[in-house]
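These notes are about the structure you will find just below.
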Amino acid sequence: MVTIKDIAKVAGVSHTTVSRALNDSPLIKPATKKKINEIAETLNYIPNVNAKSLVNQKSYIIELFFSHLSKGTSNSFLGDVIKGINDTLPKEYSLAVHELQEVSHDFDHLNRIDGAIVMSQSDQDDAFIEALAKQQIPLVVLNRQLDSPRFNNVTSNDAQGVYHMIQYAIDQGYTKFACIEGIPSFRSTIERKKGFDQALAKAGLTCPSGYTVSGDFSLASGQAGAQQLLALSDPPEVIFCSNDDMAIGAINYCLQAGLRIPEDIAIIGFDDIPFSPFTYPPLTTISKPVYEMSKCATELLLASLSEADQQKQLFLDTSLTIRQSL
């Protein structure tokens with residue numbers, strides 16, 4: 001294994017100079033840094049992270065915290081987030097992953113991490129976020145739009161995405177829209193319903209009270225919601241579901257009831273999960289840029305580790321994925 005002393009021998013400098021150059025010390029001239037880094041790359045030098053962490057007083061560990069998989073975080077969503085973070089982190093960093101519920105009352109290990117990404121769903125996570133801030137741990141809140149500008153925040157513009165999708169459906173001639181909502185405390189539920197209501201209002205359409213039913217983001221709640229809506233004496237033409245799982249549940253009920261999709265009832269989802277193209281018929285949905293969001297969150301976190309940057313709130317655009325359920 002190549003060591004700092006090997007690089008020093010080739011470069012004709014002391015191993016202290018090499019160490020400082022590789023750690024981007026201002027004491028080393030730019031030309032010397034460039035020469036030493038080129039030699040290190042040529043020799044396939046791999047930094048000793050343990051030694052580096054002792055020198056820099058850093059652990060080189062970033063931790064991702066997420067809501068329980070049974071409480072709103074899907075497997076595919078979490079997988080895309082982890083991939084986005086790992087693809088962005090420098091090679092000397094490691095990623096640790098924990099459920100919020102596992103650590104919500106145990107903060108002992110937090111002093112061993114350099115920064116945190118909190119994949120938040122609702123304001124119920126605020127106490128944990130405040131605990132991180134109290135320990136002066138750099139953090140980014142991912143996925144939930146924050147009202148406060150105190151923390152770096154990356155999410156998608158869910159309201160805008162739903163607004164454009166409902167506008168598109170209206171342009172196809174639909175006028176009677178129903179909604180199966182998600183978990184009431186989740187910010188995504190609120191934002192998606194807001195986009196739904198705004199699009200109908202802009203078109204001069206109304207959503208009768210019976211056209212809005214509660215769900216919990218599960219397949220079963222989508223199935224139950226569709227059953228409730230289609231039992232109405234004047235059923236809707238389109239059911240917008242606040243996520244794809246509920247939309248798949250709604251499709252399942254409609255097919256069991258002998259209804260044709262989209263001829264008798266149209267279904268729209270949100271998220272564009274991997275299974276969405278394989279429903280029957282394939283699901284029209286709103287694509288959430290989860291991978292790109294997690295990359296942006298990681299870049300913001302890394303920047304905050306090296307400099308006291310002003311807090312930023314980033315909204316990434318969603319996109320419409322039109323398939324055969326509408």
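Summed over segment 60-76, residues that are buried (at least 20 other Cβ atoms within 10 Å of the Cβ) and either modelled with pLDDT of 95 or more or among the hydrophobic types (A, V, I, L, M, F, W, C) (or both) total 4.
Checked against the criterion of being at pLDDT 90 or above and either among the basic types (Lys, Arg) or assigned to a helix (DSSP H, G or I) (or both), the candidates LYS5, LYS34, LYS9, LYS52 yield just one match: LYS34. Considering segment 239-256, the residues that are aliphatic (A, V, I, L, M) and out of contact with any Cys (no Cβ under 8 Å at 6 or more places or on another chain) include one that is farthest from GLY215 (Cα to Cα), namely LEU255. I'd like to know if segment 229-237 contains one or more residues that are of a type outside the set (A, V, I, L, M), closer than 17 Å to GLY215 by Cβ and assigned to a helix (DSSP H, G or I). The answer is no, given that none of the residues of segment 229-237 is of a type outside the set (A, V, I, L, M), closer than 17 Å to GLY215 by Cβ and assigned to a helix (DSSP H, G or I). Of all residue pairs spaced 6 or more apart or on separate chains, those with beta-carbon atoms under 6 Å, a first member in segment 261-282 that is on the phi > 0 side of the Ramachandran plot and a second member that is outside any loop (DSSP other than H, G, I, E, B) and of a type in the set (Ser, Thr, Tyr) are ASP272/THR285; ASP272/SER287; ASP272/THR321. Listed by first and then second residue, the pairs linking a residue in segment 175-187 that is of a type in the set (S, T, N, Q) to a residue that is at pLDDT 95 or above, with Cβ atoms under 8 Å apart and 6 or more places separating them unless they lie on different chains, are THR175/LEU205; THR175/GLU237.
Evaluated against (1) assigned to a strand (DSSP E or B); (2) more than 22 Å from SER319 (Cβ to Cβ), CYS179 falls short on exactly one condition, (2).
Total residues in segment 193-218 satisfying the condition of being assigned to a helix (DSSP H, G or I), surrounded by 17 or more Cβ atoms within 10 Å (Cβ to Cβ) and out of contact with any strand residue (DSSP E or B) (no Cβ under 8 Å at 6 or more places or on another chain): the figure is 3.
Taking the numbered list (1) within 22 Å of ILE190 (Cβ to Cβ); (2) modelled with pLDDT under 95; (3) surrounded by fewer than 19 Cβ atoms within 10 Å (Cβ to Cβ) in turn, GLN228 passes all entries but (2).
Quick check: is even one residue across segment 150-163 crowded, with 17+ Cβ neighbours inside 10 Å, farther than 30 Å from GLN256 by Cα, of a type in the set (A, V, I, L, M) and under 23 Å from the mean Cα position of the chain (by Cα)? Among the residues of segment 150-163, at least one is crowded, with 17+ Cβ neighbours inside 10 Å, farther than 30 Å from GLN256 by Cα, of a type in the set (A, V, I, L, M) and under 23 Å from the mean Cα position of the chain (by Cα), which makes the answer yes. Identification of strands (runs of 3 or more DSSP E) wholly contained in segment 238-326 with 3 or more residues that are surrounded by 19 or more Cβ atoms within 10 Å (Cβ to Cβ) yields 238-241, 266-268.
Restricting segment 17-31 to residues that are at pLDDT below 85, surrounded by fewer than 18 Cβ atoms within 10 Å (Cβ to Cβ) and not hydrophobic (A, V, I, L, M, F, W, C) leaves a set whose member that is nearest to ILE113 (Cα to Cα) is ASN23.
The values are calculated or read from the model by the stated rules, or taken from the named source; none is laboratory data. Owing to the predicted nature of the structure, the values given are computational and were not obtained by experimental measurement. Using ideal geometry, Cβ is built from the backbone for each residue, glycine included, and neighbour counts are taken over all protein chains shown.
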